[in-house]
1. Could you check how many residues of region B:61-89 are within 30 Å of the chain's Cα centre (by Cα) and either β-branched (Val, Ile, Thr) or more than 14 Å from chain A (Cβ to nearest Cβ) (or both)?
2. What are the residues in region A:1-59 that are small (Gly, Ala, Ser), surrounded by fewer than 17 Cβ atoms within 10 Å (Cβ to Cβ) and closer than 19 Å to B:Phe133 by Cβ, if any?
3. For B:Thr101, all conditions in the list (1) in contact with a Phe, Trp or Tyr (Cβ under 7 Å, 6 or more places away or on another chain); (2) without any contact (Cβ under 8 Å) to a residue 40 or more places away in the chain; (3) hydroxyl-bearing (Ser, Thr, Tyr) hold save one; what is the number of the exception?
4. Taking region B:89-98 as the region of interest, how many residues are touching a helix residue (DSSP H, G or I) at 6+ places or on another chain (Cβ under 9 Å) and free of Cβ contacts under 8 Å to residues at least 40 places away in the same chain?
5. Only helices (runs of 4 or more DSSP H) wholly contained in region B:77-176 count here; list those with 2 or more residues that are crowded, with 16+ Cβ neighbours inside 10 Å and touching a Lys or Arg at 6+ places or on another chain (Cβ under 8 Å).
6. Test A:Gly141 against the stated conditions and say whether it is away from chain B (no Cβ under 11 Å), at positive phi and not hydrophobic (A, V, I, L, M, F, W, C).
7. How many residues does region A:107-134 hold that are of a type outside the set (Ser, Thr, Tyr) and touching a Phe, Trp or Tyr at 6+ places or on another chain (Cβ under 8 Å)?
8. Kindly check whether there is at least one residue in region A:243-260 that is out of contact with any strand residue (DSSP E or B) (no Cβ under 6 Å at 6 or more places or on another chain), within 9 Å of chain B (Cβ to nearest Cβ), buried (at least 22 other Cβ atoms within 10 Å of the Cβ) and of a type in the set (Gly, Ala, Ser).
Amino acid sequence: MRVKPSRVLLHLILAIGALIMIVPFAWMLISSLKSHAEISAYPPVIWPTEWVWSNYPNAMGFAPFGTYFRNSLLIAVGHTVINLALATMAGYALARVPFRGRSLIFMAILATMMIPTYTKIVPQYLIAKGMPFFGGNDYLGRGGFGWLDSWWVLIVPGALTPFAIFMFRQFYLSLPAELEEAARIDGMGEFAIFGKVMTPLVKPAIATVALITFENSWNNFLWPLIVTTRDDLRVIQVGLAAFQQVEKTEWAYLMAGSTLATIPMIVLFLFTQRYFVQGFATAGIK
Amino acid sequence: MTVTSLPAKAPAAGAPAGPTRPRRRRRLGYERRRAAWLMLTPALIHLTWWIGIPVLATFVLAFTHYDVLAGTITWAGLDNFTEIFADETWNTSILHTVVYTFFTVPVAMALAVVIAVLLNAKMRARAWYRAAFFLPHITATVAIALVWMWMFEPNIGLFNAVLAMFGVNGPAWLSDPAFAMAAVIVVSVWKGVGLKMLIYLAALQSIPPETYEAADLDGASGPRRFWSITLPLLKPATFFVFVVSMIDAFQVFDQVYVLTPDGGPANATTVMTFEIYRTAFSEFRISTACAQSLVLFAFLLVLTVISRRLTGKDDDAR
């Protein structure tokens, strides 16, 4: 078969583009494994002569990256589980049960989807700080720090996204009513119909929402930045930013930290690309 | 958006109206509604608690003087707004946000549409290319901004070393007020291309191949097809990407915070979100920060309304 020159050109352009996208990741990995001499050499050493794996344990000696990593993982898993539980239920109710005020509630949820972060974040902080009976607060939420610097504040506020409810509603809507009616004739209760009949049929939506929730939670920076000051509660993104501000020139350790903070998402993405792409495309087009 | 109403209470057509039927139906309806409310309540409580109340509070606090330490609150009218617009740094931050958006959004969109069109052809390794372009979108901004910071390092960084090969003496990107914003924009374009490309790709796949047949018969060239057929058909997608990207760009924070701490050299990269962060969480001037948040909100609202007007009915289809 003859190779068309236009094909070659197409691949050439795409390959160069893809390379530009990948270079920072490759440079991060390579830099994280360079020796002290090679990382501060000029011109930069492209391919290290010696791979210094001990940069990783050494970086963890500078900052508790293990703890940061564990915190991020716990929070991301927590957010994913809670979001799936609450949003499937809410989406199901909105899609499958007619009741008075349903469209009003749905409209309200759509509206919350469009609220920008900065229109709510300051009061969110105040609510967390004023949580009664927590962190030395009295029953009116005065006197202490409330939920600040606690697991509560890291997990609860971000545990439900209106986007997930919306997504599940759309998927539940597309299921045929006969299924539900057949189950009802068999004498199944409403919750059993939801859990055993309908929800197993929206598995693609579950995968998509789970991945996007996990990704958002893992990458989240602003909220954990403002509500935590304790080192043992830092998530990896905040820990990394804090480490950079202290150790400005320890580039090999910084790149080791960055690698730890990005690798889980990269691996997850490469294995579940289909769901990610589907999710972002439907989120985009709706 | 399609709002499909469900066949709620299927009328028992033809069935003799037995005495037990209506009562059973009513009980069933009650049970279903009860279950629905039980399933909906946790979500409604959460959304009211963490979105509904905070949004209202932002609006109220912006028009009051709230002292977070003393816990006192007094009516302020428009005082907070006159205060922030008298603040030089805040006004600069608005300008920077606009500049940032003005350069980031169109550049990233142009690149995204070209990549999407190229990727829309059937070819080998297509999924790999797509993954490569999309990868930056799903990785943490903080971590990847640190990598760029390392590449922008003026003396031993990769960026200036590459420039030096072409005989260009690279600047001290992030610490030079003239270049800091440019560096932030480069990172944002790199990170933002993937999502836009993906939305374009989804839109392209809904264009039927027959659309191009007439053009093929006329022997139209590739670029000609792009300008005359593809781009006009992508108009709804373009507007959608535009709105989403603008809203995103106006709220840029993570990369600005990491790449150029404290608003950058001589406040060269301070943006609206960074000023809100600084006012609220390092100066604890809560009411002032809420007023600033409302200004940002007003910008987003106006942008959304304008683009809705421009798209007309097109947008209702999404």
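1. Result for region B:61-89: 11.
2. Residues of region A:1-59 that are small (Gly, Ala, Ser), as a first pass: A:6, A:15, A:17-18, A:26, A:31-32, A:35, A:37, A:40-41, A:54, A:59.
Restricting the remaining residues to those that are surrounded by fewer than 17 Cβ atoms within 10 Å (Cβ to Cβ) gives A:6, A:15, A:26, A:37, A:40-41, A:54.
Those that are small (Gly, Ala, Ser), surrounded by fewer than 17 Cβ atoms within 10 Å (Cβ to Cβ) and closer than 19 Å to B:Phe133 by Cβ: A:Ala15, A:Ala26.
3. The single condition B:Thr101 does not satisfy is (2).
4. Filtering region B:89-98 for residues touching a helix residue (DSSP H, G or I) at 6+ places or on another chain (Cβ under 9 Å) gives B:89-94, B:96-98.
Keeping just the survivors that are free of Cβ contacts under 8 Å to residues at least 40 places away in the same chain gives B:91, B:98.
Number satisfying all stated conditions: 2.
5. Values: elements: B:79-85, B:88-119, B:126-138, B:141-151, B:158-165.
So the answer is B:88-119, B:126-138, B:141-151.
6. Numbers: away from chain B (no Cβ under 11 Å): no; at positive phi: yes; not hydrophobic (A, V, I, L, M, F, W, C): yes.
The answer is no for A:Gly141.
7. Taking region A:107-134 first, the residues of a type outside the set (Ser, Thr, Tyr) are A:107-111, A:113-116, A:120-124, A:126-134.
If we keep only those that are touching a Phe, Trp or Tyr at 6+ places or on another chain (Cβ under 8 Å) too, we end up with A:109-110, A:113, A:116, A:120-121, A:124, A:127-129, A:131-134.
Counting residues in region A:107-134 that are of a type outside the set (Ser, Thr, Tyr) and touching a Phe, Trp or Tyr at 6+ places or on another chain (Cβ under 8 Å) gives 14.
8. yes
The values are calculated or read from the model by the stated rules, or taken from the named source; none is laboratory data. Fair warning: this is a prediction, and the values are worked out from it, not measured in the lab. All Cβ positions, even for glycine, are placed from backbone atoms using ideal geometry, and neighbour counts span all protein chains on display.
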